[in-house]
């Protein structure tokens, strides 16, 4: 399973929930539906990624990157 | 500034230039007939090619010679010697070639200025004196171009911070009639110390996007950033350090108490901020990108949609540079074209050694600079205050000032707010690669 973020295409924003449903059907385990920014986050089996790419209304899929602050005792933050 | 090393994933524009005419010998100064040419900071290859293309000058580079082996009298047999670390070339070429070079000054190329090389009479050790004279010549040339006066530098160094931090003073945030009243500011970070005395009585909405953690700041980074953006007019202990002291605070915890987070939580935080009508979203977080690496299409889409909804996303450019040796590219997600990327400067208006630069094409530039070295702000009890450095500290200065602009004119939302910040920035004598349009200024 990979954590992914999916961007919904501009011309499908008005049917956001339909795109979410199609992503679920393609095998995505949806965690957050963020309609105001048109992004769906969740996870999916690597084998199902191609299926997700072909979902109508999906414009971009990116794997999740992580962030780490410098330790609190560091002077540069 | 959050970063993740494991993640897979300019140009100088002199504000004042030298004259466009061929340099002439000054009566009081003995010159050698050679010229010093100040080149833009950049790769030696680019600069050597520029000299060749503009005037057909054959260039040797200091790096071609072993330490101490450069013969300055013969220039190693070439017509010019480029000192890579100084970005200065000494040119000894026929008049038609030096004239071609002088006409190229200020045009769209790396040749910034030119002046005659002075003769320095050796008093002590000849090499040392040559280098001293050389250094004086270079300093004189750079001062002339950059226009930094000694008065400015000494004034900056002697800023009195007993009542106001240097950042509030140099951005004019402390002189502004605006307070951020009526404006919602989201800071997506490690949360806020909700019991900090300086935030008593403020309207605060706290939300955690980190599993099993509340919005209470157990790290300190978030409380520092929120303090700069929205801290009190009258803190428990002076100096005042906060910009938009009457703004409504939305403290979104997207980084854990250990300082870690991921895109999912950050995007959820942005969504929450937009849904709540936040006009500014401040993100002192990022992940390192490689030279040549592109930006995230997802964040770019998000940022565009945020602008359309009237929310401006401001993000830290990143702290991966080790200047002057290395300039690292603006990190993710500040490298998105529709996210305002913030660099850090110090109180002498110099670029911070760690501040990332706009070296990647396609949106990966710095847009604006903020105070980001030795910045005093709030930290969780019982310490209450601390000085920190980083583009993380520069970013909330810009976010707070954005709130002042938003209060000053209800039409300044989304891209109009971006444009107002850029238009009012104070030009600095630094490359736009490093500071974008300059130092953020309050209305």
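Distance in nm between label sites at residue A:63 and residue B:326, each 7 Å beyond Cα in the beta-carbon direction?
The modelled label-to-label distance comes out at 2.4 nm.
Could the peptides A:55-66, B:326-337 be put in order, highest first, of the mean number of other beta-carbon atoms found within 10 Å of their residues? All intermediate terms of the calculation are to be shown ahead of the outcome.
On the way: A:55-66: 17.5, B:326-337: 25.1.
In decreasing order of mean packing, A:55-66, B:326-337 become B:326-337, A:55-66.
Let me make sure I get this right: for segment B:288-391, a, b and c are the square roots of the gyration tensor eigenvalues over alpha carbons, sorted descending. Under 1.5 in a/c it's rounded, otherwise prolate if a/b > b/c, else oblate. Which is it? Display every interim value, and only then the final one.
Details: a/c = 2.27, a/b = 1.30, b/c = 1.75.
Cα axes put segment B:288-391 in the oblate bin.
How many Cβ atoms of partner chains, on average, are near each residue of A:28-35 if near means within 10 Å of its Cβ? Don't jump to the answer; show the numbers that get you there.
Working: counts 0, 0, 0, 2, 6, 2, 11, 3.
If you average over the peptide's residues, the count of other-chain Cβ atoms is 3.
Need one value for B:294-305: mean number of C-beta atoms belonging to other chains within 10 Å of its residues' C-beta atoms.
So the per-residue partner count for this stretch is 5.
Of all beta bridges DSSP finds with both residues in segment B:313-443, what is the antiparallel percent, to the nearest 5? Mind showing how you got there, number by number?
Values: 7 of 16 bridges.
Bridges in segment B:313-443 are about 45 percent antiparallel.
Using only Cα atoms, tell me the angle between helix A:16-25 and the longest principal axis of chain A; keep it within 0 to 90° and round to the nearest 10.
90 degrees
Can you sort B:221, B:424 so the residue with the fewest Cβ neighbours within 10 Å comes first? Before the final figure, lay out each step's value.
Details: B:221 27, B:424 18.
By the 10 Å Cβ count, ascending, the order reads B:424, B:221.
Per-residue Cβ counts within 10 Å, from other chains only, averaged over B:253-266: what number is that?
Per residue, the number of nearby Cβ atoms from other chains is 5 on average.
Taking the mean number of other Cβ atoms within 10 Å as a proxy for protection, how do you rank B:178-188, A:19-29 from highest to lowest? Write out the running numbers ahead of the final one.
Working: B:178-188: 23.6, A:19-29: 17.5.
For the peptides B:178-188, A:19-29, the packing ranking is B:178-188, A:19-29.
Values quoted throughout were computed directly from the atomic coordinates according to the rules given, and no laboratory measurement underlies them. Just so we're clear, the structure is a prediction, and the values are computed from it rather than from any experiment. Note: ideal-geometry Cβ built from the backbone for every residue, glycine included; neighbour counts use all protein chains shown.
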